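Reviewing the structure listed below.
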Amino acid sequence: MNAPTETALGLTESRSPGGRILKAVTYLLVLIVFAGPLLALLVGAFSQVKDPTQLSVIPSGATLDNFRIAFDQGVLAYLLNSFFVVGFGLLLQVAVSVLAGYALARKVFPGMTLVLVAILATLMLPEEILALPLSVILSDLPVVHFNLIGTLAGMIVPLGAWGFSILVMTEFMKDVPRELEEAARIDGAGDLRIFAQIILPMCKPALGVIGVFGFTMIWDQYLLPLLVSTDSSSYTLPLALRTLRIDPAVTPGVVMAASLLALLPSVIVFLFFQRSFVHGLSSGALKG
Amino acid sequence: MSLDQADPAALPATGPATRKTGRAATGRRGHDRRAGRWWTPWLFLAPALLLFLYFKFIPMVSALTMSFQDVQPYLGNRWVGTENYATVLQSAGFREAAWHTVVLAAGQTAGSMALGLVLALLMEGQGRRLGFVRSAAFLPVVVPIAVVAELWRIMYHPTADGMLNSILGLVGFGPSGFINDPDSSMASIMLTGIWRGAPYDMMIFLAGLTSVDRGLYEAAKVDGASRLQRVWHVTVPGLRSVFSILFILAAIRGLRVFTEVFLLTNGGPDGSTEVVMTLIYKLGLEQNRLGVGAAGAVLLFIATLILTVVVHLLRRRESK
């Protein structure tokens with residue numbers, strides 16, 4: 001008996017022939033249900049799919065036409081918009097999160113509880129509910145009177161502060177030993193230096209977590225770009241999919257080619273950083 | 001005034017001399033230095049607080065004020081009291097949308113959690129092959145929602161030779177209209193939501209399962225408990241906190257559902273899938289009735305708040 005790996009169903013430890021078949025069937029079923037549709041998308045993007053009924057996981061008539069037509073429809077520009085938004089959005093989000101995390105984890109100050117409650121409140125507050133007032137505010141930012149409607153900045157700046165990554169960062173930074181900081185202080189380092197040279201380098205795993213989650217979150221944005229964009233020149237790729245689909249000249253194969261381009265970045269990021277992803281998922285959900 | 005706090009960024013350039021003064025300063029004002037100046041933490045927090053203020057708190061306040069106003073761009077807003085709320089609550093369309101939202105949220109939450117738990121139980125453990133299957137099962141979660149919607153639109157093609165219909169045909173069921181048929185449109189959206197939500201719940205359950213006491217399984221085995229009994233008496237109680245967290249997350253996700261409905265049906269056919277958020281979007285951005293839309297949004301917010309509080313209270317009572 002291998003006690004430490006004992007699981008609820010005991011299915012995964014089973015080595016009997018019956019158990020093996022059961023396992024194989026289960027895994028196959030899971031793969032078909034969850035990965036099957038995505039495989040069909042992959043195959044469809046490279047096949048002559050003129051009609052939705054031709055969707056299949058069995059490849060037929062390999063072609064790159066779908067991508068060629070998609071690029072003719074301006075998909076490259078949409079993709080670049082998406083990369084621009086996710087690049088600058090993530091940069092801003094990570095910068096904001098590490099700064100805020102440092103203050104919340106390494107300092108004790110009056111009003112700290114209030115700040116933490118406010119951040120938690122933003123997490124409880126679904127952004128969809130703020131859609132209408134946000135669209136009004138984006139058209140005329142209070143005090144500074146910028147109009148962000150129709151600009152890529154309008155899709156980036158509101159994502160700069162995300163409660164989740166601030167809290168993840170705070171939790172990680174709390175675990176950096178006090179002694180390191182004390183030693184640096186004795187050597188005369190100030191806050192900014194301690195932050196940049198001691199705390200931040202110790203938080204690389206956390207940077208991975210918030211980077212991966214931030215990327216996925218920003219790449220998945222739909223409502224905000226929908227509120228901000230005024231015409232197709234500022235569409236991100238996810239927004240453009242609908243426009244493509246509505247166009248009668250565009251076949252489902254082309255939509256799938258564009259969809260493939262829209263999903264590849266987040267899938268690649270996930271596959272590369274699975275460890276941080278799963279870690280962040282469990283720490284974020286179970287600690288929070 | 002200690003030197004090192006004046007401009008910490010400039011420090012690396014300066015040599016040991018600065019360090020010495022720094023050390024001297026420590027001796028004199030050790031306590032003060034550890035605490036830093038009172039505004040140092042606020043400086044670090046400023047970007048986050050500013051962004052939250054602009055894009056969360058001001059919109060929140062403005063949603064509240066808008067909900068009591070007749071919002072007229074350029075003409076100035078007119079205070080109308082609770083008229084918007086009356087309009088919303090009396091409109092059959094909103095009541096129907098609220099009902100659809102609740103049905104969709106309940107169905108997706110229950111479906112994703114049930115399927116997620118089953119998946120987690122089946123795929124608990126270690127092994128490379130298992131890791132591969134788990135990652136593959138998790139893919140729907142990372143695929144952008146817009147792609148999920150377009151993909152399922154194509155799979156839901158209503159003729160008999162559509163992808164899902166041909167699978168239904170294999171097991172002897174007639175072609176379904178899926179999202180094109182008012183009778184099945186809601187269930188179709190729910191199914192898509194479960195497909196994307198279950199793997200997420202699976203991952204959280206898997207994380208929760210690692211903290212269940214292995215010794216209890218052994219003990220249950222010795223006592224002759226069957227697998228189902230083990231799950232019911234050991235695993236499920238061990239996962240209690242995971243259940244309530246997932247429930248809150250999923251229910252809130254369900255109440256605020258927008259993108260998949262917007263892209264799959266946009267409320268149709270015949271308003272059979274109109275949810276609160278698609279209605280608010282139409283009211284606010286297509287009909288320019290921002291005040292009425294805001295009132296709807298405030299009501300939706302109150303609903304999510306009540307749900308969160310109730311679940312927390314239940315949890316607290318249970319843990320006592």
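Taking the criterion of being open to solvent by less than 50 Å² (accessible area, probe 1.4 Å), hydrophobic (A, V, I, L, M, F, W, C) and modelled with pLDDT under 90, the residues of the stretch A:12-55 that qualify are A:49, A:55. Screening residue B:175 against (1) free of Cβ contacts under 8 Å to residues at least 24 places away in the same chain; (2) in contact with a helix residue (DSSP H, G or I) (Cβ under 8 Å, 6 or more places away or on another chain); (3) in a helix (DSSP H, G or I) leaves a single unmet condition, (3).
Within the stretch B:273-293, can you find the residues that are open to solvent by less than 20 Å² (accessible area, probe 1.4 Å) and either closer than 28 Å to residue B:110 by Cβ or not in a helix (DSSP H, G or I) (or both)? Passing the criteria: B:273, B:275, B:276, B:277, B:278, B:280. Among the residues in the stretch B:112-131, are any closer than 18 Å to residue A:37 by Cα, free of Cβ contacts under 8 Å to residues at least 12 places away in the same chain, more than 7 Å from every other protein chain (Cβ to nearest Cβ) and not basic (Lys, Arg)? No, because not a single residue in the stretch B:112-131 is closer than 18 Å to residue A:37 by Cα, free of Cβ contacts under 8 Å to residues at least 12 places away in the same chain, more than 7 Å from every other protein chain (Cβ to nearest Cβ) and not basic (Lys, Arg). Scanning the stretch B:139-160 for residues that are within 7 Å of chain A (Cβ to nearest Cβ) and of a type in the set (Ser, Thr, Tyr) yields one hit, B:159.
Out of the stretch A:134-185, which residues are in a helix (DSSP H, G or I), within 12 Å of chain B (Cβ to nearest Cβ) and touching a Gly at 6+ places or on another chain (Cβ under 8 Å)?
So in the stretch A:134-185, the residues in a helix (DSSP H, G or I) come out as A:134-139, A:153-159, A:163-174, A:178-185.
So of that shortlist, the ones also within 12 Å of chain B (Cβ to nearest Cβ) come out as A:134-139, A:154-159, A:163-167, A:169-170, A:173, A:178, A:181-185.
Listed by number, the residues that qualify are A:135, A:138, A:155, A:156, A:159, A:164, A:165, A:166, A:167, A:169, A:170, A:173.
Taking residue B:307, is it surrounded by 18 or more Cβ atoms within 10 Å (Cβ to Cβ) and more than 10 Å from chain A (Cβ to nearest Cβ)? Steps first, please.
Numbers: surrounded by 18 or more Cβ atoms within 10 Å (Cβ to Cβ): no; more than 10 Å from chain A (Cβ to nearest Cβ): yes.
So residue B:307 fails the test.
Filter the stretch A:128-162 for residues that are surrounded by fewer than 18 Cβ atoms within 10 Å (Cβ to Cβ) and in contact (Cβ under 8 Å) with a residue 24 or more places away in the chain and give the result. Passing the criteria: A:149, A:150, A:151.
All of (1) free of Cβ contacts under 8 Å to residues at least 60 places away in the same chain; (2) open to solvent by less than 30 Å² (accessible area, probe 1.4 Å); (3) closer than 30 Å to residue B:286 by Cα; (4) hydrophobic (A, V, I, L, M, F, W, C) hold for residue A:189 with one exception: (3).
The residues of the stretch A:113-127 that are farther than 27 Å from residue A:83 by Cα and surrounded by fewer than 18 Cβ atoms within 10 Å (Cβ to Cβ), listed by number, are A:113, A:114, A:116, A:117, A:118, A:120, A:121, A:124.
Annotation note: of B:176, B:135, B:184, B:166, the sole residue that is hydroxyl-bearing (Ser, Thr, Tyr), over 24 Å from the mean Cα position of the chain (by Cα) and facing chain A (nearest Cβ under 9 Å) is B:166. Name the helices (runs of 4 or more DSSP H) wholly inside the stretch A:187-277 in which the number of residues that are within 23 Å of the chain's Cα centre (by Cα) and more than 9 Å from every other protein chain (Cβ to nearest Cβ) is 3 or more. The qualifying helices (runs of 4 or more DSSP H) are A:204-219, A:223-228, A:252-272.
Residue check: is residue B:230 under 19 Å from residue B:191 (Cβ atoms) and basic (Lys, Arg)? Let's see the steps before the verdict.
Working: under 19 Å from residue B:191 (Cβ atoms): no; basic (Lys, Arg): yes.
Against the criterion (under 19 Å from residue B:191 (Cβ atoms) and basic (Lys, Arg)), residue B:230 does not qualify.
Checked against the criterion of being within 12 Å of chain B (Cβ to nearest Cβ) and either in a helix (DSSP H, G or I) or more than 14 Å from the chain's Cα centre (by Cα) (or both), the candidates A:104, A:80, A:90 yield just one match: A:104.
The values are calculated or read from the model by the stated rules, or taken from the named source; none is laboratory data. Fair warning: this is a prediction, and the values are worked out from it, not measured in the lab. FYI the Cβ positions are ideal-geometry reconstructions off the backbone, even for glycines, and counts take in every protein chain you see. The area values use the complete protein model at the heavy-atom level, side chains included, leaving out ligands, DNA and RNA. Shrake-Rupley method; radii C 1.70, N 1.55, O 1.52, S 1.80 Å.
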